[in-house]
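J.: Quick one: this structure, given as structure tokens, is what I'll be asking you about.
Bear in mind that the values in this text are calculations on the coordinates, not laboratory data. Quick caveat: nothing in here was measured; it's all calculated off a predicted structure. In this analysis, Cβ positions are derived from the backbone assuming ideal geometry, glycine residues included, and neighbour counts consider all displayed protein chains.
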Amino acid sequence: MAAPLDGITVIEVDNWMAAPSAAAILADLGADVVKVEPLSGDPMRGMGRPPKIDDEKAKAYDYGFDVDNRGKRSIAVDLGLESGQELIRRLVSKADIFLCNLLIRRQQKFGLDPDTLLGVNPRLVHATLTGYGTSGPEAWRPGYDVTAFFGRSGIYDAMREGDDGIVPMARPAQGDHTTGLALVAAILAALRLAERSGEGQVVETSLFETAVWTQATDFATTAVDRAPVRRRPRQQMLSATANRYPCGDGSWLVLNMPEPSAWPKFCKAIGQETWIDHPDYKEPRDRYRNMAALVDAIDAVMAAKSRDQWGRIFDEHGIIWGPVLGLHEVAADPQAEAIGLFPELEHGEAGRYRTVAVPMRFRTADVGPRGPAPRIGEHTRSVLEAAGLTEVEIKALLEEGAIGSS
């Protein structure tokens, strides 16, 4: 089967995780992605947690870097040198997409800004991912997902339990990968437009604006009244059947059932039919007024069985619920296996290992990881030769220190 982006060439100048994750998706979709790294490599290399396994050779592989850089080719270039900058422009002249996470002032410094590169390749899609956007008073500010996506956008504050709750901390790259998906969507739309019009396109997104979009349901009202969001602990939720509860084995589950029709069904499922017409719980307003006591009562009932036992009971009664799984449980989830969430790759030294699939599947197209992440500058020579550079030119760049090759 053909891949959706067969024949598309991407030049990416970026680092860390957000923009590289977008390029990794393009590679999974079949694009030829050339990753431009500094001679020392992307600083994300070596930053991930090593797996807790006994195989020392496999343990040494950089799985964290791999997930955002699999299936790419790497060239090592010193952008501080004019010859290095010119080399990238030469590659861009034959590419379809240029993807980067450099701030605009750095794009301009290296001659990689939209105006310069569209002058080199008028049909180019120039895509930029930043922390806060490319205009406005803080376009200069660098941003990571914990600062620009979770902090600045209001997500951390909204997720606190009550007004005095501790600010939570996100797991690595959640905002990066979400923003990467947004950039891929923009790039694919721009490609379509460029093909139809024959003119290049400039697209961008940022961690900040993507995070706001993920909370659009809240902001639909908050943007109008500008009132602080109410942060509700479990004992102050609007509905007892849209809450989370601990089970007898120490694990948790989440319910999401609309009021008021769910209440009798839920009471029957947990063996508390007398609660259906109990004066403290009979109507939604009664349950809300007595929510703290009701949550405590439900907690006591839930403590009698494990999460899996309750899950079977809830399925029998048509209750909409979900387990609160640990990451290690998700990696072993039969449903995850059934939909191919963790495909396998082969590495010459690390052997076979599982990676994470992009969240899109095609019935009749080849979509998925093309291979492991490259070494720093692993493909410098082959990429430059394919671009038409002679052996003399490549040797001169190597001697100048403008490029590196492994």
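J.: What is the angle, in °, between the Cα long axis of helix 216-225 and the longest principal axis of the Cα atoms in the chain? Nearest 10 is fine, range 0 to 90.
T.: The angle comes out at about 80 degrees.
J.: Continuing with the same structure: What is the Å³ per residue value for the convex hull set by the Cα atoms of region 197-318?
T.: Values: hull volume 24.7 nm³, N = 122.
Taking only Cα atoms, region 197-318 has a hull volume of 202 Å³ per residue.
J.: In percent, what relative contact order does region 234-324 have, based on Cα pairs under 8 Å that are 6 or more apart in sequence? Display every interim value, and only then the final one.
T.: On the way: 135 pairs, mean separation 37.4, N = 91.
Answer for region 234-324 is 41 percent.
J.: Roughly how tilted is helix 174-197, in degrees to the nearest 10 and between 0 and 90, from the longest Cα axis of the chain?
T.: 50 degrees
J.: Amide H to amide H under 5 Å from L253: which residues, 5+ apart in sequence or cross-chain, H placed 1.01 Å off N in plane?
T.: Y245, C247, V324
J.: Quick one: order V358, V125, V367, V13 by neighbouring beta-carbon count within 10 Å, fewest to most.
T.: By the 10 Å Cβ count, ascending, the order reads V367, V358, V13, V125.
J.: Given +1 on the Cβ of Lys and Arg, -1 on the Cβ of Asp and Glu, and no further charges, what dipole in debye does region 327-398 carry about its Cα centre, rounded to the nearest 20?
T.: In debye, rounded to 20, region 327-398 gives about 120.
J.: Moving on to the next point. List, in order, the whole-Hz ³J(HN,Hα) value for each residue of region 48-60 obtained from phi through the Karplus relation with A = 6.51, B = -1.76, C = 1.60 and θ = phi - 60°; use x for Gly and Pro.
T.: Rounded to whole hertz, the list is x, 6, x, x, 8, 10, 8, 6, 5, 5, 5, 4, 6.
J.: If you don't mind, there's one more thing I want to ask. Give the residue from L255, G46, V324 lying farthest towards the positive end of the charge dipole for the chain; charges sit on Cβ (+1 for Lys and Arg, -1 for Asp and Glu) and the dipole is referred to the Cα centre.
T.: Toward the positive end, the furthest listed residue is L255.
J.: Here is a follow-up. Which one, A223, G348, I270, projects farthest toward the positive side of the charge dipole computed for the chain from Cβ point charges (K/R +1, D/E -1)?
T.: After comparing all options, I get I270.
J.: Mind checking the dipole of the chain: about its Cα centre, +1 per Lys or Arg Cβ, -1 per Asp or Glu Cβ, Debye to the nearest 20?
T.: Values: 45 positive and 57 negative charges, 127 e Å.
Roughly 600 debye for the chain.
J.: Using a Gaussian network for the chain with springs between C-alpha atoms less than 10 Å apart, which of these wobbles most: G41, G248, G200?
T.: Greatest mean-square fluctuation among the candidates belongs to G248.
J.: Also, I was wondering about something else. Output the Kirkwood hydrodynamic radius of the chain, Cα pairs only, in Å rounded to one decimal.
T.: 24.3 Å
J.: Further question on the same structure: State to the nearest 20 debye the size of the charge dipole of region 234-324 about its Cα centre, where the only charges are +1 on K and R beta carbons and -1 on D and E beta carbons.
T.: On the way: 11 positive and 12 negative charges, 33 e Å.
It works out to roughly 160 debye.
J.: What are the radius of gyration and Dmax of region 329-406, computed over its Cα atoms and given in Å?
T.: 18.8, 55
J.: Where Rh denotes the Kirkwood radius from the mean inverse Cα pair distance, what is Rg over Rh for region 1-43?
T.: Details: Rg = 11.2 Å, Rh = 10.9 Å.
Answer for region 1-43: 1.03.
J.: Same structure, new question: For the chain, take the longest principal axis of its alpha carbons; what is the angle in degrees between that and the long axis of helix 391-400, to the nearest 10 within 0 to 90?
T.: That works out to roughly 70 degrees.
J.: What's the exposure ranking of I97, I276, I104, going from fewest to most Cβ atoms within 10 Å?
T.: Details: I97 27, I276 14, I104 17.
In increasing order of surrounding Cβ atoms, one gets I276, I104, I97.
J.: Counting other beta carbons within 10 Å of each Cβ, put H177, H347 in order, fewest first.
T.: Details: H177 21, H347 17.
Least crowded to most crowded, the residues run H347, H177.
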